[in-house]
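What follows is a single structure, written as structure tokens, with notes after it.
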Amino acid sequence: MRNRIDKLRFLIVASLVLPVVALAQPVAGDPASGRKTATALCGTCHQVTGGEGRDSPASFVDIANMTSTTALSLKVFLRSGHKEMPNLIIDSSDTDDLIAYILSLSASRRSDRPHAQPHGAIRSDPAVDHVAK
């Protein structure tokens, strides 16, 4: 019981501190390479803009737009085991690319964003836009 309380305290403190720390850290990876990694390793379950139904895993856009999503939180998540996900071992450069890709999908991180997209609207994929330019 004591161990659970300590873990809960740690998670609460981390959730308050990590977003502030992560704001100061640049994203090191390549979004275009991350898109390829995401498609190859994660595309079976996750989609860019969202799946059908309540049981679908979060889309990359949904993950990117979570207030708790930072480069550090994604790195920790990808390095930890989760019962709903396969136990993937992703090398560190691919992890950085995947994180850069997911963060590139965030509406709040994009400087070229006009206004919030209406629910269900399909946005372009910045990694693809970056490659096309």
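The values are calculated or read from the model by the stated rules, or taken from the named source; none is laboratory data. Every value quoted in this text rests on a predicted model; they were computed, and no experiment measured them. Every residue, glycine as well, gets a Cβ built from its backbone with ideal geometry; the counts of neighbours run over all protein chains shown.
So, Ser104, is that one in contact (Cβ under 8 Å) with a residue 60 or more places away in the chain and either surrounded by 17 or more Cβ atoms within 10 Å (Cβ to Cβ) or touching a Phe, Trp or Tyr at 6+ places or on another chain (Cβ under 6 Å) (or both) or not?
Values: in contact (Cβ under 8 Å) with a residue 60 or more places away in the chain: yes; either surrounded by 17 or more Cβ atoms within 10 Å (Cβ to Cβ) or touching a Phe, Trp or Tyr at 6+ places or on another chain (Cβ under 6 Å) (or both): yes.
Judged against the criteria, Ser104 is a match.
If Gly50 satisfies every condition in (1) surrounded by 15 or more Cβ atoms within 10 Å (Cβ to Cβ); (2) at pLDDT 70 or above but one, which is the exception?
(2)
Do we find a residue being polar (S, T, N, Q), part of a loop (DSSP other than H, G, I, E, B) and at pLDDT below 85 anywhere in the range 58-79?
Filtering the range 58-79 for residues polar (S, T, N, Q) gives 59, 65, 67-70, 73.
Narrowing the set further to residues that are part of a loop (DSSP other than H, G, I, E, B) leaves 59, 65, 67-70.
Now drop any that are not at pLDDT below 85, which leaves none.
There is no residue in the range 58-79 that is polar (S, T, N, Q), part of a loop (DSSP other than H, G, I, E, B) and at pLDDT below 85.
Tell me, which residue of the range 25-40 that is among the hydrophobic types (A, V, I, L, M, F, W, C) and at pLDDT below 90 is surrounded by the fewest Cβ atoms within 10 Å (Cβ to Cβ)?
Looking at residues that are among the hydrophobic types (A, V, I, L, M, F, W, C) and at pLDDT below 90, I get Ala28.
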